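Chemist: What follows is a single structure, and I will ask about it in a moment.
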Amino acid sequence: MPHPPHWLALRCLPSDGADTWLGSWALQFTPRVLWLEEAWLLDVAPTLRLWGGLDRLMPRMTDSLKEGGMCRGVQVALGPTARAALARWRAGQWWAEGDGLPTRAQLLTLPLHTLAAARAHTAVLARLGVHTWGQLARLPRDGVSRRWGALLLRGLDEALGRAPETHAWLSPPTDFDETLTWPHHLDTTDQLLPPVRQLLAALHGWLVLRQRAALAVRWSWQHDKRRHVAHSGGFELRTAQPAQQPGHWVRLTAEHLARQTLDAPVVSIRLQTTEHVPFAAPSADWVSAAAALHQHPAAIGWPVLLERLRARLGDGAVTHWQPQDTHVPDAMQAAASPTGQPVTARRLPAARDALLPTWLLPEPQPLPMRGHRPCYQGELELLVGPQRLELAHWPGEAAHACGGELGDVRVGGQADAPPTLRDYFVARSPIAGLLWVFRQQGAAEGEPAWFLHGRFA
Amino acid sequence: MSFLNASLSPCADLPAGVWRATERATDVLQVVPSGHAVLDASLPGAGWPCGALSEVLQPPGVHLEWQLVLPALVRWQHTVAEPGQPGRSGVVLVGPPAQPCASGLQARGLSVADMVHVQPDDPVQRLWTCEQALQCAHVGAVLAWLPHVPMTALRRLQWAATRHGGLLWVFRPLAVAQQATAAVLRLELGQGEHPHSLQVRVLKRRGPPLAQALQVPAPDEALAAVLAAARWRNARRRVTVAPVIQQPVTVQADQAGAQTEASTETQIEPLLGAHRGVHATPAALAGVALSAV
C-alpha cells in the first residue's frame, strides 16, 4: 500500500541565498525535490518505504546533517502537501520525534499569513475576523472569489489537498558544480572545513540520485580581493576507488587542505566533479557482516590507507618498488605510485637475484680510499667478485647491457661511445657488515673509483 | 610449610593467561616462527609475537634488519595471508634507511606486490603513518624506523598493534637501550662473528633475562654458499701462491690453508653442486678475492 503524501519543508536558519547545496544534499533521500518560495520541499512518499518509514528516515537525515557539521541550522516541517508543509515551517511547527502527519483540523488552525496566496489580504481578512485557514475555508466560496480573486481560494485548496499542485522539480545537472558563499571570511584552512563538509554532503546527494561515484573532484576558492595576491586557489583530488560516501572525500580534502596555505581570506568555495563513473553498490550479505564484527572496528582498506598516506605525506613519499626486467643495477627497480589495485608481477625472480642486496642506495656513494683499499666504516674486505657489467650508457633506457663476469659479448649500445665497465663485489666492512660495492673501470686520476651501491641487510 | 602451601595454592589454579616472571611465557600471544632456530628457542612462544610491538636496537651504521625479519615475513605471507586473496599480505616500511631492493627481496621469497615504502619527513608523521597502517585490515606487517620517539608514542603503537594483530617491528638506535620501553620484546642486533651471521641479544622478553648473546646464522642460503665458495677458493690460493712469495711465512700459511681446505672442502662441494644453477656462482668461483693477495 503506498504511503499517503508526505512532504518535508527544509530550510537553513539563518540563511541568505537559496542554499543550493541543501537541495543537492536532499536528492539522496528522494528524487522529488523542489524550491518553493523560501524553502526546499521534499516529496518523500515514494521513497518512504525504502527508508523504513518516517521514524527511520528522519534520524537518518539528522545523522547525515551532523556528519556534514550543519545540523544546527536546518529545521524540518512535515505536511500532507507542499504548501501545507511550507506553512507549518513558517508557523514554526517544526518536526519533533514521534510527530506524524498533521490532521486536517490541525491544518485549519494555521494562521493566514503562512499561506503565500493570502499574504496580500491578511490585513483586510483580519479586520473581518478571519485569522486562520479554517475561518477562511468556512466563508462562502463564490463571495471570497469575487472579493479577493480566485487565486486566494486556489492557494488554500492546493494547501489542503483539494486541488492538484504543479511543481517545477529540481533536475540534477550532468556534472556537479556548486559554489558556497560563506557569511564571513575564512582565514585558515581549518575554517574551510565546514563549507567543505556541506559541499561534500551535497555532492553525495547528487551522486546517489544519478547513481554515480566520483573519481576526481576539483576544489577552488575565491579570495577576498587584495592587491598583491592571487584571487583564487584550488586543487584537484583523485581517488583510486570510485567513492560515493562523503567521509572518504572529507578525509582526503582535509589532508590536502592541511598542506595548503591561504594567501588571503576565502569568501567562497566551489566544488566540481571532474570525473565520475556509474556506481554499483556492493551487495551485502550476512556472512561478511558477521565477519566484519570480529574485525578491527575502524579497519580501513588498502586503497584507503594508501590514499590517506599520499594525501598527507605527498605522492613522492609513498612508493611501491617494481622490479624491472633489466639487470642494470641503476634501473633494476622503478618507483610506482601504489594504487591498491592488485598488480601482476612484472617479472619473475631470476636465480641470480638471490645474490642481489636487500637495501639499495638511490645513488651510488663514492667510497674513500686508504691506500688501494676502499673504506666504509673500516677497510673493506672483498669477499666475492668481481662480477663485471658492461654498458654503453649508465643508466639509460635505450642502453642495452650485457652481463657476465668475463664481459664477453656486447649487445646493442652505441658503437662510438666507449662502454662503461663496473666490477661488482660483495665486500665486508668490519662494522657495517656485507656491502655491495663496485669499482668503476677507467676512472680518471682523482675521480672516485669505488662506490657503495647496496647492503646485504 | 602449611602456610607456604596455602599461599602458593592460589597460583596453581591461575588462568592460562597469567605469566609467572620466572618462566618463559609460552601461550600468551599468537606467534610467527622467526625462521631462526636459535632465536626461536629464546623467544617466548618460540617466535615473533603477533599483535605486539617488537623493538630491535642496532648500533649506528649497522642495518641487518632483513636478515632478522625476512624469514618470518615470508612465512607470514605464505601461511596467514592467502595468495590471491586481499588478506594480510601488505608490508609497510616506514622511513627505512635506504630503498628496499625489490628484486633481491623477491628472490628471497617475499612477495613485493603489496610492499609500500613510506618516507615521511618528521618523526610525528612517521608515528602517524605507523598508526594508520596498523588500522588497515590488509596490512600484515609494519616495519618502522623510529630513531626519535617518546615512550608515550611507543605505548600508543603497542596498543595499536594489539588491536591490529599483525607484526610490528620498530628499529631504533642502540643508544636507547637504557630507556624504558613499552615493547613486548626488545632485541639488540649486531654483526656476528662469522661474516654472514647475526648476533642477537635479548634485552627484554616475557621471561627471565637472557645473559649471553645468541649467534644466529643468516638465513640467506644462496649468499652463504657463494661466500663459502669464495672462502674455499681463497684458502686454496693461499696454499699454492704463498710458498713462492715468502718462505718464512709459508709453513704457517700452508698449515692453516691445508686445515681450512680439509675442513671446508667436504662441506663446500655439495653446496656448490646445489647452487651451480645460480648465475653468479661462477663469478664467485672465478673471482679472486683481493684479500688473498
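Read-outs: derived from the displayed coordinates by stated rules, not from any lab. In this text the structure is predicted, and so the values were computed from the model without any measurement. Cβ coordinates were reconstructed from backbone atoms using ideal geometry, including for glycine residues, and neighbour counts include every protein chain displayed.
Chemist: For region A:113-261, just the Cα set please: Rg and Dmax, both in angstrom.
Modeler: Expressed in Å, the Cα Rg and Dmax of region A:113-261 come to 24.8, 69.
Chemist: Grab the other residues whose beta carbon is less than 12 angstrom from that of residue A:89, score K and R as +1, D and E as -1, and report the net.
Modeler: Numbers: positive: A:11, A:83, A:88, A:90; negative: A:37, A:38.
Neighbour charge sum, excluding residue A:89 itself: +2.
Chemist: Can you order the peptides A:364-375, A:268-279, A:94-105 by their average number of other Cβ atoms within 10 Å per residue, highest first? The partial results should precede the final answer.
Modeler: On the way: A:364-375: 14.7, A:268-279: 17.1, A:94-105: 12.6.
Sorting A:364-375, A:268-279, A:94-105 by mean packing, highest first, produces A:268-279, A:364-375, A:94-105.
Chemist: Between residue B:41 and residue B:155, what FRET efficiency comes out of the Förster formula 1/(1 + (r/R0)^6) with R0 = 25 Å and r the beta carbon distance, rounded to 0.05?
Modeler: That gives a FRET efficiency of 0.30.
Chemist: Follow-up question, since we're still on this one. Take every residue in peptide A:358-368, count the Cβ atoms of other chains within 10 Å of its Cβ, and give the average of those counts. Don't jump to the answer; show the numbers that get you there.
Modeler: On the way: counts 17, 11, 7, 4, 2, 0, 0, 0, 0, 0, 0.
The mean count of partner-chain Cβ atoms within 10 Å per residue comes to 4.
Chemist: In peptide B:92-99, what is the residue-averaged number of other protein chain Cβ atoms found within 10 Å of each Cβ?
Modeler: Average per residue, whole number: 4.
Chemist: Something else now. Measuring from a point 7 Å past the Cα of residue A:260 along Cα-to-C-beta, which residues in region A:213-253 have an amide N at less than 12 Å?
Modeler: Answer for this model: A:218-223, A:232-237, A:253.
Chemist: Sticking with the crude label model, points 7 Å out along Cα→Cβ, report the distance from residue A:105 to residue B:194 in nm, one decimal please.
Modeler: The modelled label-to-label distance comes out at 9.6 nm.
Chemist: Show me the ranking of peptides A:321-328, B:125-132 by mean Cβ neighbours inside 10 Å, starting with the highest.
Modeler: B:125-132, A:321-328
Chemist: For A:24, A:64, which order do you get if you count the other beta carbons within 10 Å of each Cβ and list the fewest first?
Modeler: Starting with the residue having the fewest Cβ neighbours, the order is A:64, A:24.
Chemist: Let me confirm one metric for peptide A:301-309, namely the mean number of other chain beta-carbon atoms within 10 Å of its residues' beta-carbons.
Modeler: Per-residue shielding by partner chains comes out at 6.
Chemist: Further question: Taking θ = phi - 60°, what integer Hz values does the Karplus form 6.51 cos²θ - 1.76 cosθ + 1.60 yield along region A:301-315, in sequence order, with x for Gly and Pro?
Modeler: Per residue, the Karplus-derived 3J(HN,Hα) values read x, 4, x, 5, 4, 4, 5, 4, 4, 5, 5, 7, 9, x, 4 Hz.
Chemist: Next up: Cut-off is 10 Å between beta-carbons; in what order do A:29, A:235 appear when sorted fewest neighbours first?
Modeler: A:235, A:29
Chemist: Let me ask you something else. Step through the residues of region A:84-92 one at a time and calculate ³J(HN,Hα) from phi using the Karplus curve (6.51 cos²θ - 1.76 cosθ + 1.60, θ = phi - 60°), rounding each to whole Hz and writing x for Gly and Pro.
Modeler: For region A:84-92, the Karplus-derived couplings read 5, 4, 5, 5, 5, 4, 5, 7, x Hz, x marking Gly and Pro.
Chemist: How many nm separate the modelled label positions at residue A:377 and residue B:175, each set 7 Å beyond the Cα in the direction of the Cβ?
Modeler: Using points 7 Å along Cα→Cβ, the separation is 1.5 nm.
Chemist: Moving on. Rank-order A:183-190, A:34-41, B:141-148 by packing density, defined as the average count of other C-beta atoms within 10 Å over each peptide's residues, highest first.
Modeler: B:141-148, A:34-41, A:183-190
Chemist: Taking a point 7 angstrom from the Cα of residue B:162 along the C-beta vector, which residues in region B:30-55 have backbone N less than 12 Å away?
Modeler: B:51-53
Chemist: So how far, in whole Å, is the C-alpha centre of region B:149-213 from the one of region A:110-131?
Modeler: Cα centroid to Cα centroid, the span is 81 Å.
Chemist: Relative to the present Cα-Cα distance, how much length would full extension add between residue A:60 and residue A:126 at 0.36 nm per residue of separation?
Modeler: 19.7 nm
Chemist: Under the rule of at least 5 residues apart or a separate chain, name every residue whose amide H is placed under 5 Å from the amide H of residue A:36.
Modeler: When sequence neighbours closer than 5 places are left aside, the close amide H contacts are A:41.
Chemist: Using a Förster radius of 35 Å, what is the FRET efficiency between residue A:162 and residue A:51 based on their Cβ-Cβ separation? Nearest 0.05, please.
Modeler: Given R0 = 35 Å and the Cβ-Cβ separation, E is 0.80.
Chemist: Let me ask you something else. Return the FRET efficiency for the residue pair residue A:174, residue B:18: r is the Cβ-Cβ distance, R0 is 56 Å, and the value is rounded to the nearest 0.05.
Modeler: It comes out at approximately 0.30.
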